[in-house]
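I have placed the structure first, in the form of structure tokens, so that the comments after it can refer back to it.
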Amino acid sequence: MIELESQLSESFTYIRTKTAATPGVAIILGSGLGHFVDELTEVTAISCRDIPHYPISTVAGHAGRMVFGQSNGISIVALQGRVHSYEGYPLHLVTYPVRLLAKLGVSSLIVTNAAGAVNPSFSPGNLMLITDHINFSFSNPLIGLDPGSEKNRFVDMANSYDPIFQELAHQTANQLGIPIRTGVLFMAKGPTYETAAEVRMIRTLGGDAVTMSTVPEVIAARQLGIRVMGLSCITNMATGVTGQKLDHHEVTVVAGQIATTFVKLVNAIIQRIAVA
């Protein structure tokens, strides 16, 4: 059995030497979405490299910082970047940050990512509210962990993306006049982009967008009793939907182009889910 508690305690103790903040809301920022933290006030930023046992991101667009601050008076913590299994990390380390957030008192989590559109009605620059996911990583972050109880081993994944949070997100987007799509997120392990045949398979299985992250974090959050809302930034059309060649630079560029809209929407959503 993998035992993480002593490592999490060391990480927690280090963070407490930097800040006493106890945010109830956290956000994990995907590729190119890290500029969200620029809007926070009363900021304390901690390099993840300095946190004992914390996995380090090796991907462009993931700064690797834990940022505590205020979003219009709401205390939050933002993970400016994440780690992925394709970087060589086992899933219990990919989800280590989520377990640390729980130890810090987080009860609500917004997961964000850059994703490729499988649904042909989507376009780059769309924002997609995640309604459900398909885990095609061929693994699970709970494998090998000491569950503590049978309930914590056999986690119910119904309504993993909180229905109340989804409704609040829709209301907020409508009030702000921000178009928002909804769909099922498909996770592939990466780091290669999917083939055209794989994209056709994803569409057949019910996926609307595909990413290389997020799903393990959601599974861990649900095991820990954290409520989740998910938001994908559609940065490209998946292979075969158009003839365009894919690269990571395009992903970060498109994410940056809609950063203002993304930040406006997420800040407003935080105000609502913080009291939901």
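The values are calculated or read from the model by the stated rules, or taken from the named source; none is laboratory data. Fair warning: this is a prediction, and the values are worked out from it, not measured in the lab. Every residue, glycine as well, gets a Cβ built from its backbone with ideal geometry; the counts of neighbours run over all protein chains shown.
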* Asked: Are there any pairs with C-beta distances below 9 angstrom linking a residue in the range 133-152 that is within 24 Å of Gly230 (Cβ to Cβ) to a residue that is modelled with pLDDT under 90 and in a helix (DSSP H, G or I), with the two at least 6 apart or on different chains, and if so which?
  -> Leu142/Asn152; Leu145/Asn152
* Output the number of residues of the range 83-117 satisfying the condition of being in contact with a helix residue (DSSP H, G or I) (Cβ under 7 Å, 6 or more places away or on another chain), surrounded by fewer than 24 Cβ atoms within 10 Å (Cβ to Cβ) and hydroxyl-bearing (Ser, Thr, Tyr). => 2
* To do: For Ser85, state whether it is in contact (Cβ under 8 Å) with a residue 12 or more places away in the chain, hydroxyl-bearing (Ser, Thr, Tyr) and in contact with an Asp or Glu (Cβ under 9 Å, 6 or more places away or on another chain).
  => no
* Asked: Residues in the range 7-58 that are in a strand (DSSP E or B) and of a type in the set (S, T, N, Q): how many?
  -> 3
* Asked: Which condition does Gly24 not pass, out of (1) within 19 Å of Asn113 (Cβ to Cβ); (2) out of contact with any helix residue (DSSP H, G or I) (no Cβ under 9 Å at 6 or more places or on another chain), if it passes all the others?
  -> (1)
* Asked: Within the range 20-38, which residues are surrounded by fewer than 21 Cβ atoms within 10 Å (Cβ to Cβ) and either more than 14 Å from Val263 (Cα to Cα) or at pLDDT 95 or above (or both)?
  -> Ala20, Ala21, Thr22, Gly24
* Asked: Is it the case that some residue within the range 13-29 is free of Cβ contacts under 8 Å to residues at least 60 places away in the same chain, over 22 Å from Pro216 (Cα atoms) and basic (Lys, Arg)?
  -> yes
* **Among the residues listed as Gln70, Gln80, the single one being touching a residue at least 24 places away in the same chain (Cβ under 8 Å), surrounded by fewer than 17 Cβ atoms within 10 Å (Cβ to Cβ), polar (S, T, N, Q) and closer than 20 Å to Val266 by Cα** => Gln70
* In the range 247-276, residue modelled with the highest pLDDT [restricted to those that are in a loop (DSSP other than H, G, I, E, B) and buried (at least 17 other Cβ atoms within 10 Å of the Cβ)] -> Ala274
* How many residues are part of a loop (DSSP other than H, G, I, E, B) and touching a strand residue (DSSP E or B) at 6+ places or on another chain (Cβ under 8 Å) when one looks only at the range 166-223? -> 13
* Single match in Thr41, Thr95 (criterion: modelled with pLDDT of 95 or more and more than 20 Å from Leu224 (Cβ to Cβ)) -> Thr41
